[in-house]
Amino acid sequence: KQFRKIIGRSYIPPKFAFGFGQSRWGYTTAEDFKEVVQKHRDAHIPLDMLYMDIDYMEEYKDFTVNQKNFPDFKAFVDDIQSQHVHPVPIIDAGVKVQDGYDVYEEGKEKGYFCKRADGTDFEATVWPGWTHFPDVLNPEARAWFGSKYETLISKGIDGFWNDMNEPAIFYSREGLKELKDYLAEFINTEPTDSVSAEFHYHADSLSNNPKDYGRFYHNINGEMICHEKVHNLFGFNMTRAASEAFEKICPSKRILLFSRSSYIGMHRYGGIWTGDNKSWWSHILLNLKMLPSLNMCGFLYVGADLGGFGDNTTRDLLLRWLALGVFTPLMRNHAALGTRDQEFYRFENPEDFRHVIGVRYRLIPYLYSEYMKAALQDDMYFKPLAFEYPEDSFAPQVEDQLMLGNEIMIAPVYTQNALGRYVYLPEEMMFVKFMPDGTITTETLAPGHHYVSVALNEVPLFIRKGKCIPVAHTAEYTDAIDYNTIEYIGYPEASYDLYNDDGITPLP
Ligand code: GLC
């Protein structure tokens with residue numbers, strides 16, 4: 001708490017950001033995106049956000065929209081938003097090198113891109129091909145890059161995800177030359193025993209090579225600072241650029257913002273998602289373990305690509321992962337290009353997915369309330385058991401359960417074919433299950449070890465002794481959650497202090 005107080009208050013997203021968001025790398029045309037919304041609404045699967053990956057852009061150029069696929073982008077945004085869904089476009093770090101592209105031309109003219117030691121603009125390839133990196137550590141360049149978000153905000157956009165901002169490098173001019181030189185030499189030399197290892201080393205060293213991070217510089221108040229000294233601050237400052245610009249562009253509105261790369265301090269400007277995971281069972285547990293660590297660093301608005309980004313998901317993996325994702329502030333289904341379809345309505349018995357996402361919406365009053373309390377009190381939203389029960393002999397060993405807020409504990413199932421799992425209760429708790437028929441079962445369990453059964457389409461949680469939580473009726477989007485019909489479940493004598501606000505006005 002002392003550390004958190006020093007580093008400043010955590011980012012507070014709009015309330016709609018606590019809804020569910022659908023994403024996939026590969027949606028390209030306005031029709032693709034509209035279909036995703038339509039299919040969620042048709043199947044009554046709640047939806048608040050529609051993420052727009054790189055293909056909405058013109059040749060992956062930041063702050064552009066493909067004219068052919070979106071002849072009237074404003075009308076597209078209005079249409080999606082009229083269905084209570086927020087389109088959330090991606091912004092990448094690299095600015096495409098292309099004559100006539102305004103962001104490139106302006107940045108070049110004003111000297112706002114990162115430079116080589118000789119003063120020329122550093123070049124690396126990312127999705128758009130050759131790019132320059134905006135020097136977001138230079139206050140002037142940062143304000144300039146941030147101001148570009150207005151292009152999309154003026155079309156009604158109120159959320160962004162910042163990506164490739166380590167910055168990711170496929171290869172640089174220098175790296176490519178080095179590889180070509182090596183290959184030329186290789187062709188003319190007799191292979192030796194060590195050649196294979198050396199060959200692989202050179203071929204694999206092209207992307208994200210630390211040598212490249214030593215090849216470009218930031219202009220920080222007139223001083224040229226080598227990127228490798230400030231590497232971890234790049235994603236931080238890209239997100240800061242956006243956030244500082246939002247304060248000017250739309251001071252009376254919270255904007256959804258999260259980043260891939262980050263560092264201590266960026267938690268004031270946005271959240272993060274945990275990057276390119278895989279559709280592996282082990283990654284559910286990894287996701288859970290990262291959450292309290294991120295909270296300690298101030299990152300409260302966090303979440304993983306549910307179902308897994310790389311590789312092909314399975315129905316059971318997706319359902320089990322969602323039963324953890326129900327509790328993470330950022331709840332998003334995202335998958336990589338080329339992987340199998342991962343939208344819920346693609347699977348058999350989509351009603352199971354509708355139910356699990358529906359439980360999220362029943363819990364939003366509680367999750368939002370606990371998020372805001374954690375943010376306003378420099379507290380953690382997810383805590384390891386050891387933080388609540390430091391004297392308990394077993395609790396500090398538990399790494400697959402988490403305390404959430406002040407009232408509940410979560411213990412998701414993360415192994416395939418399991419019918420349930422073992423849980424450890426440091427004190428008496430009420431075991432709660434949200435059943436697929438809409439009912440809620442409760443059972444009081446004594447302290448100690450228990451095996452609890454949890455079917456694929458059930459969502460479990462545990463209420464601490466003497467506590468209760470608010471539960472709403474489900475809704476298809478956050479604005480439709482009815483706070484007047486909230487019921488409380490848990491211990492009968494308990495009371496709960498519910499935080500709520502309009503979800504959109506920034507806090508002072
Ligand atoms: C990066 C991002 C991923 C995105 C992809 C294409 O890998 O981490 O989320 O889908 O780029 O933009």
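No value in this document is a laboratory result; all are computed from the given coordinates. All values reported here derive from a predicted model rather than from experimental measurement. Cβ atoms come from the backbone with ideal geometry, glycine included; neighbour counts cover every protein chain shown.
Couple of notes before you dig in:
- Over the stretch 75-122 - Rg/Rh using Cα atoms and the Kirkwood inverse-distance radius: 1.25
- Environment charge at Gly8 (Cβ cut-off 10 Å; Lys +1, Arg +1, Asp -1, Glu -1): +3
- Across the alpha-carbon set of the stretch 185-318, the Rg to Rh ratio works out to 1.11, Rh being the Kirkwood radius.
- The length gained on full extension between Thr485 and Arg41, counted as 0.36 nm times the residue separation minus their Cα-Cα distance, comes to 157.5 nm.
- 5 angstrom amide H check on Gly159, placed H, neighbours 5+ away: Leu256
- For the stretch 110-152, the convex hull drawn through the C-alpha positions has a volume of 84 cubic angstrom per residue.
- Relative contact order of the stretch 239-367: 19 percent, from C-alpha pairs under 8 Å at least 6 residues apart in sequence.
- Whole-number percent relative contact order across the chain, with pairs defined as alpha carbons under 8 Å at least 6 apart: 16
- Applying a DSSP loop filter and a limit of 14 other Cβ atoms within 10 Å to the GluC sites (Glu not before Pro) in the stretch 288-359 leaves Glu348.
- Computed FRET value (nearest 0.05) for Phe394 with Ser154, which takes r as the C-beta separation and R₀ as 45 Å: 0.20
- Surface/4 estimate of mean projected area, convex hull on alpha-carbon atoms of the stretch 1-159, nm²: 12.0
- Cα-Cα over 31 Å, subset of Lys211/Lys248; Lys34/Lys115; Lys39/Lys68; Lys148/Lys373: Lys211/Lys248; Lys34/Lys115; Lys148/Lys373
- Per residue Cα convex hull volume in Å³ - calculated over the stretch 275-390: 103
- Of Pro436, Gly405, Ser453, farthest towards positive along the dipole that unit charges on Lys, Arg, Asp, Glu beta carbons give the stretch 380-460: Pro436
- Contour excess over end-to-end distance, with Cα ends at Thr29 and Asp501 and 0.36 nm allotted per residue: 166.3 nm
- What you get for the stretch 221-313, charging only the Cβ of Lys and Arg (+1) and of Asp and Glu (-1), is a dipole of about 260 debye around the Cα centre.
- At 0.890 mPa s and 25 °C, Stokes D of the stretch 374-438 from Kirkwood alpha-carbon radius, µm² per second: 182
- Once you reduce the stretch 443-463 and the stretch 168-237 to the center of their Cα atoms, the two points are 51 Å from each other.
- Cα lying deepest toward the dipole's positive end in the stretch 203-306, options Tyr263, Tyr301, His218, charges on Cβ: Tyr301
- In angstrom, the C-alpha Rg and Dmax of the stretch 259-320 are 12.4, 37.
- Shown in residue order for the stretch 35-51 are the 3J(HN,Hα) couplings computed by the Karplus curve 6.51 cos²θ - 1.76 cosθ + 1.60 at θ = phi - 60°: 5, 4, 5, 4, 5, 5, 5, 4, 8, 6, 8, x, 7, 10, 9, 10, 7 Hz (x for Gly and Pro).
- Applying 0.36 nm per residue to the separation of Glu109 and Leu176 and subtracting their alpha-carbon distance, the gain on full extension is 21.5 nm.
- Close amide H partners of Met331, meaning residues 5 or more places away or on another chain with modelled amide H under 5 Å apart, are Gly21.
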